[in-house]
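Worksheet: one structure, shown below.
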Amino acid sequence: GAFKKKHRRVIVACAAWVARGEFLWGTSTAAYQVEGYREAAGREPSIWDAFDTNGTSAVVVATRPDGSSRVYAGENADRADEEYTRYSESVTLTKELGFGAARLSISWPRVMRYENSSELGTPNPAGIAHYRSVLDAYAREDIKVALTMFHWDLPLALEERAAQSGCESAWLCDWMPEAFEAYAALVVASFNATYYITINEPLTIVANGYSGSGSHAPGRCGDRTKCYDGDDDKEPYVAAKTLLLAHARAFRVWDRAGRPGDGCGAALNGDFRVPHHRQSDEAAAERSLEWQLPLFFDPVFYGRWPASIEDVVVPRLPSFAWTPDELALVNGSHDGRHLFVNSYTSTFVRQAPPCPKPSFHCDARAEISGYNFTDGTPIGVPSSNGWLFDYGRGMRSLLGYYHTRYPNRTFVIAENGFGNASAEIDDLARCSFFRDYITNVSASAALDGVRVAAYFAWSLLDNFEWADGFRTRFGIVSVDFQTQKRQKRTSALWFEQHV
């Protein structure tokens with residue numbers, strides 16, 4: 001009807017604006033969120049297996065100190081979407097919907113073994129063979145793949161080894177970058193892809209896994225009602241630096257291999273910040289932006305931390321400063337072209353008072369909210385998940401900010417999508433979200449001179465949404481988690497007909 005006609009015009013226009021030359025439209029998934037079959041092909045457990053299933057490990061557990069489940073309703077990803085055996089259905093869906101690309105991840109503990117080896121691991125031939133079959137299936141349909149090496153499913157054996165060795169958690173250990181390099185070498189040598197993404201959202205790993213309420217594995221933070229171990233003032237920054245060193249080593253592996261495919265980088269997330277008061281809160285907005293993507297890309301692009309972060313952190317954590325050898329590794333660990341960006345939402349921001357106690361979530365001295373601080377008006381249509389708001393203009397502003405800060409980058413939108421608790425097939429809120437965000441990505445390209453090479457919608461399928469379990473759905477394809485029936489939503493038909 002009128003709705004479809006309206007969106008047909010928007011999508012066709014968007015495709016024309018963005019796609020100057022060869023442009024990739026795709027969808028994204030991640031291994032742990034969709035695969036299930038957690039022991040197939042000799043897969044060893046990940047930290048998320050332990051985080052959502054009690055009895056897996058004594059180091060990472062599925063309950064908080066108060067006895068509550070870390071994952072909503074005690075759900076786990078033992079089945080998820082059964083993608084391990086149903087990947088051919090996803091290939092067919094991707095082709096039918098007209099997407100030329102798919103972003104997916106390798107399950108690190110399915111292709112490397114650690115339980116009876118050093119932290120460098122040994123290859124698991126059965127797991128490698130499985131992913132070769134997956135990638136071959138996409139290649140037969142001429143679907144290009146953005147391949148993520150690490151999308152949060154860290155081998156549990158490495159986390160347990162860290163606890164035993166005294167560094168307490170894997171991303172706090174100085175041997176982790178070398179361990180990740182060995183894994184990256186296996187990925188690059190074993191699998192062909194268009195894009196190689198080293199690490200997905202290191203910011204989320206730091207912010208949710210090592211601070212705040214420890215809402216993601218490994219579940220460390222300074223609040224002893226929420227976490228058994230950790231702190232909020234040092235560990236997040238140690239983890240951030242270790243993740244960057246790991247990314248840099250993985251990138252150098254790709255570089256030494258002759259730079260296969262079209263590019264390599266980490267997928268870095270960030271949300272735009274709208275100052276509550278245009279003048280008095282602009283500095284807070286800038287700091288809040290810097291504590292996101294620039295925390296990880298400034299060292300790669302410029303060879304330094306953002307000054308606002310370095311000035312706060314180095315005095316209390318001198319090891320956060322770069323050594324010459326570290327800087328030589330990290331600076332320039334990008335392909336010279338791409339910046340891989342994940343973004344979903346925007347918030348209002350205002351100046352916050354000094355921290356009563358130093359912590360990652362307080363150090364920027366910026367208070368954020370999806371609701372106006374004065375009258376409570378949401379910045380955009382809110383999702384039921386509490387943090388996501390449909391504010392497409394924020395995407396254009398964010399790309400403009402990155403375009404100015406990092407000149408001459410070509411952007412790959414590696415994740416963008418709308419999740420809520422609705423299982424409805426006629427998902428008009430999600431359609432509106434894609435309309436708003438794609439329109440603004442297009443405006444960035446057409447009017448602001450921002451180069452965009454690809455757009456990946458999150459997600460192809462409803463899936464295990466980490467600590468939210470299965471209650472938040474992001475899929476353009478609905479999944480009945482009991483029967484595993486898959487059904488295209490209106491948003492999928494929208495892409496199918498017009499992109």
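The table for this structure:
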item: Filtered residue count, the stretch 149-183, keeping only those that are closer than 17 Å to A266 by Cα and in a strand (DSSP E or B); result: 2
item: Verdict on L428 being surrounded by 23 or more Cβ atoms within 10 Å (Cβ to Cβ) and at pLDDT 95 or above; result: no
item: Condition met for L97 (aliphatic (A, V, I, L, M), under 28 Å from W494 (Cβ atoms) and within 23 Å of the chain's Cα centre (by Cα)); result: no
item: Tally, over the stretch 70-90, of residues that are hydroxyl-bearing (S, T, Y) and more than 23 Å from the chain's Cα centre (by Cα); result: 2
item: Residue check for D271: under 27 Å from C355 (Cβ atoms), among the acidic types (D, E) and touching a Lys or Arg at 6+ places or on another chain (Cβ under 7 Å); result: no
item: Any pair with Cβ under 6 angstrom, 6 or more apart, that starts in the stretch 37-54 at a residue that is on the phi > 0 side of the Ramachandran plot and touching a residue at least 12 places away in the same chain (Cβ under 8 Å) and ends at one that is open to solvent by 20 Å² or more (accessible area, probe 1.4 Å) and hydrophobic (A, V, I, L, M, F, W, C); result: A41/A126; G42/A126
item: Tally of residues being part of a helix (DSSP H, G or I) and touching a His at 6+ places or on another chain (Cβ under 8 Å) across the stretch 432-452; result: 2
item: Residue within the stretch 301-321 that is closer than 25 Å to M395 by Cα, out of contact with any Ser or Thr (no Cβ under 6 Å at 6 or more places or on another chain), of a type in the set (F, W, Y) and surrounded by 20 or more Cβ atoms within 10 Å (Cβ to Cβ) present; result: yes
item: Criterion (open to solvent by 10 Å² or more (accessible area, probe 1.4 Å), within 19 Å of K95 (Cβ to Cβ) and touching a residue at least 24 places away in the same chain (Cβ under 8 Å)) met by exactly one of V499, V477; result: V499
item: Qualifying positions in the stretch 199-221 - open to solvent by 10 Å² or more (accessible area, probe 1.4 Å) and either free of Cβ contacts under 8 Å to residues at least 40 places away in the same chain or assigned to a helix (DSSP H, G or I) (or both); result: L203, T204, I205, A207, N208, S213
item: Any chance D436 is more than 20 Å from W25 (Cα to Cα) and among the acidic types (D, E); result: no
item: All strands (runs of 3 or more DSSP E) inside the stretch 338-410 with 3 or more residues being modelled with pLDDT of 95 or more and closer than 26 Å to A429 by Cβ; result: 346-351
item: Restricting the stretch 125-148 to residues that are among the hydroxyl-bearing types (S, T, Y) and assigned to a helix (DSSP H, G or I), the residue that is surrounded by the fewest Cβ atoms within 10 Å (Cβ to Cβ); result: S133
item: Residue within the stretch 184-198 that is open to solvent by less than 30 Å² (accessible area, probe 1.4 Å), β-branched (V, I, T) and part of a helix (DSSP H, G or I) present; result: yes
item: S369 more than 24 Å from V450 (Cα to Cα), hydroxyl-bearing (S, T, Y) and free of Cβ contacts under 8 Å to residues at least 60 places away in the same chain; result: yes
item: Residue that is buried (at least 23 other Cβ atoms within 10 Å of the Cβ) and either part of a strand (DSSP E or B) or in contact with a strand residue (DSSP E or B) (Cβ under 9 Å, 6 or more places away or on another chain) (or both), where the choices are A239, A283, A246; result: A246
item: Top-ranked residue in the stretch 94-124 [being part of a helix (DSSP H, G or I) and more than 19 Å from G36 (Cα to Cα); ranked as least open to solvent (accessible area, probe 1.4 Å)]; result: T94
item: Residue within the stretch 160-183 that is among the small types (G, A, S), more than 26 Å from S319 (Cα to Cα), in contact (Cβ under 8 Å) with a residue 12 or more places away in the chain and out of contact with any Asp or Glu (no Cβ under 6 Å at 6 or more places or on another chain) present; result: no
item: Residue identified as touching a residue at least 24 places away in the same chain (Cβ under 8 Å) and in a helix (DSSP H, G or I) among A429, A457; result: A429
item: Test result for L268, within 24 Å of Y32 (Cα to Cα) and in a helix (DSSP H, G or I); result: no
item: Any chance L388 is free of Cβ contacts under 8 Å to residues at least 60 places away in the same chain and under 25 Å from A146 (Cβ atoms); result: yes
item: Meets criteria (basic (K, R), assigned to a loop (DSSP other than H, G, I, E, B) and out of contact with any strand residue (DSSP E or B) (no Cβ under 7 Å at 6 or more places or on another chain)) for R471; result: yes
item: Single match in R259, R161, R224 (criterion: on the phi > 0 side of the Ramachandran plot and either crowded, with 19+ Cβ neighbours inside 10 Å or at pLDDT 95 or above (or both)); result: R259
item: Number of the exception - D436 against (1) among the acidic types (D, E); (2) crowded, with 18+ Cβ neighbours inside 10 Å; (3) within 21 Å of L93 (Cα to Cα); result: (3)
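The values are calculated or read from the model by the stated rules, or taken from the named source; none is laboratory data. As the structure is a computational prediction, the values presented were derived from the model and not from experiment. Counting neighbours? That spans all protein chains shown, and the Cβs are built from the backbone with ideal geometry, glycine included. Surface areas here come from the heavy atoms of the whole protein model, side chains and all, with no ligands, DNA or RNA. Shrake-Rupley method; radii C 1.70, N 1.55, O 1.52, S 1.80 Å.
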